[in-house]
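Accompanying notes for the structure given below.
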Amino acid sequence: QPASSNKPRKKKKKRKTKKSSAGDTVEDNDLEDIDSLLESIEEPGGLAPQSQGGVIADSRPLLYVEHRNLNPENELKRYFGARAVLGDQRPRQRQRQYVRSMWLTAPKNTWPRYSKTGITMQLLDTRRGVQHFTFEHHREYQQVQFKFLDAVESMDPNNIVLLLQMNPYHVDSLLQLSDVCRMQEDQEMARDLIERALYSLECTFHPVFSLTSGTCRLDYRRQENRAFFLALFKHLMFLEKRGCPRTALEFCKLILSLDPENDPLCVLLLIDFLALRAREYTFLTRFFQEWESHRNLSQLPNFAFSVPLAYFFLSQQEERPELERSQARERAARLIQLALIMFPSVLMPLLDHCSVQPDARVSSHPFFGLNAQISQSPALNQLTSLYVGRTHALWKDPAVMAWLEPHVHEVLRMVEARDALVQEAEHKRKIRYQSAPRNIYRHVILSEMKEATAALPLEVTSQPVMGFDPLPPLDSIVFYTRPERTSHPSNESTLSLFFRSLLPNFNLQGDLRHDGDDEAGAGQDLNQGVNRLMAAMRDMLANIQFQEPPRDDNPEGDGDWD
């Protein structure tokens, strides 16, 4: 027995020495094997129903989120290889200080050391297998929040920077300062601040809260929960611009899973574009099939046009069986004709963005002409403008245009024959799309598509929109409010506000009277105000210093004038 028990130990020892002698090459080969495995698992547009992987993927919930798809480095490694993405990071990570591993973002060495911010997450209740959570702000975080609101009202970004120096993980400050950096075209810093906000919020997660299950909910009406929605959305937009549409799609599914019924950021207007860009055509078609019955997705222009485009791309995949490809072609043809009948105003702007000149019959026909765009409601105009501005690059493929052309002519034939479908679609357009809900306006503002923002109504553009809370819900749930200020600057005159901007301690009105003033008291107040004004003028003039003109080194000069 002792001899037999020693033999496996010797074998284990040999295996260990063999691995250690191979050195870093074993680690590199393992990474390359992982990359090849990921590529084989995630073929573009994969999820074939008859394959084993497709069966597993289809059996999962629709909004199931995979942890590995939340990391943009995994997607970049599939495109460019592990060595090109990681470079010389691996040796450095061995000496790096210990940090918590996160799913939403990877903490960086340049970030300040994390300490508790005063945010916690609580489990409210569990109903029918769905868990409802909420973030809570403790008293110390509320005080920082009040200072942040003062900094925003000052209209000076430096005040937000000073606040972040004292509280480096205050979420709303990170969101607002990220918008400032983005406006100044510092995209790297703007993205870094959003990632830091996500890291701060993930550190406060409840132990039961799950990103991947799709059964955890957050109520956007609660003021404390909005920062998480907005940070996820802004991070998603940065990922899409960075060229990581598959990772962005996973974050989009995560946002939708937090509140699928209300969809406060209206990511339904975005998820089809990300699925097409990531070549996840089967996910998009499955999403449409499962949600069409209860959400009426075909009445949104983006789904009406993107789903047939996904079916067309599926029909072009030669590795699929011929029966599947022919079924996809039939569905694509039927759905694109329905989309053109329901939303005729999409065609001409789409062709214009794609630099395609339609033939004379199409361009001169009133069904697709300028009348179709003028006659539609402003709410529908926002949806169509948003879709065309966002997805027109996907339609530039010559094969797509060649597929679209015969269906446009078929729709014109149906219009001239006065088909019942055309009359029914016109009736729906007149009844629906009278006004857009607030979440669509919020989505348009966050997306910053110039085609759609130009169509926003006056009641939205006339009110101030803050990056940390754009268009808060009208039925917001607020658990704490900022205390009222003691001073009342709104009662001051324009002259008083002008001198207050020059001399912060100046007060033209003096102390406000709370009891009734008679005429003598009013005259006395006027005299005191004039005296204070004169004193302020004297102080200001006394502090003005005139700079002497620079002396010439050669006072006599050479007498020449130019």
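The values are calculated or read from the model by the stated rules, or taken from the named source; none is laboratory data. These numbers were taken from a predicted model, which means no experiment stands behind them. Because the Cβ atoms are built from the backbone with ideal geometry, glycine has one as well, and the counts that use them run over all protein chains shown. Quick note on the areas: whole protein, heavy atoms, side chains included, nothing else; ligands and nucleic acids left out. Shrake-Rupley method; radii C 1.70, N 1.55, O 1.52, S 1.80 Å.
Each row is one residue, and each column tells you yes or no for (1) assigned to a helix (DSSP H, G or I); (2) under 34 Å from the mean Cα position of the chain (by Cα); (3) modelled with pLDDT of 95 or more.
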| site | (1), (2), (3) |
| --- | --- |
| Met401 | yes, yes, yes |
| Glu410 | yes, no, yes |
| Glu451 | yes, yes, no |
| Pro470 | no, yes, no |
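Scanning the range 194-243 for residues that are of a type in the set (Ser, Thr, Tyr) and closer than 11 Å to Phe135 by Cα gives Thr204, Tyr220. Kindly indicate the residue of the range 215-237 that is open to solvent by 20 Å² or more (accessible area, probe 1.4 Å) and not in a helix (DSSP H, G or I) and also modelled with the lowest pLDDT among those meeting that condition. Once the filter is applied, the top-ranked residue is Thr215. State which residue is surrounded by the most Cβ atoms within 10 Å (Cβ to Cβ) when the search covers only the range 381-396 and only residues that are free of Cβ contacts under 8 Å to residues at least 60 places away in the same chain and of a type outside the set (D, E, K, R). Restricting to residues being free of Cβ contacts under 8 Å to residues at least 60 places away in the same chain and of a type outside the set (D, E, K, R), the top hit is His392. Within the range 192-207, being in a helix (DSSP H, G or I) and either in contact with a Leu (Cβ under 9 Å, 6 or more places away or on another chain) or over 19 Å from Gln176 (Cα atoms) (or both) holds for Leu193, Ile194, Glu195, Arg196, Ala197, Leu198, Tyr199, Ser200, Leu201, Glu202.
Criterion applied to Asp263, Asp272, Asp259 was being open to solvent by less than 20 Å² (accessible area, probe 1.4 Å), farther than 21 Å from Arg68 by Cβ and in contact with a strand residue (DSSP E or B) (Cβ under 8 Å, 6 or more places away or on another chain), and the one residue passing it is Asp259.
Return the residues of the range 181-192 that are out of contact with any Asp or Glu (no Cβ under 9 Å at 6 or more places or on another chain) and hydrophobic (A, V, I, L, M, F, W, C); say none if nothing qualifies. Scanning the range 181-192 gives Met183, Met189.
Residues of the range 305-327 that are among the small types (Gly, Ala, Ser) and open to solvent by 10 Å² or more (accessible area, probe 1.4 Å): Ser326 alone.
Filtering the range 355-371 to residues that are surrounded by fewer than 18 Cβ atoms within 10 Å (Cβ to Cβ) and under 21 Å from Leu386 (Cα atoms) leaves Ser355, Val356, Gly369, Leu370, Asn371. Where helices (runs of 4 or more DSSP H) fall entirely within the range 238-322, those with at least 3 residues that are more than 20 Å from Glu75 (Cβ to Cβ) are at 281-295, 301-315. Considering only residues in the range 141-189 that are in a loop (DSSP other than H, G, I, E, B) and within 19 Å of Leu201 (Cα to Cα), the one that is most open to solvent (accessible area, probe 1.4 Å) turns out to be Asn167. The selection criterion, being of a type in the set (A, V, I, L, M, F, W, C) and within 22 Å of the chain's Cα centre (by Cα), does not hold for Phe305.
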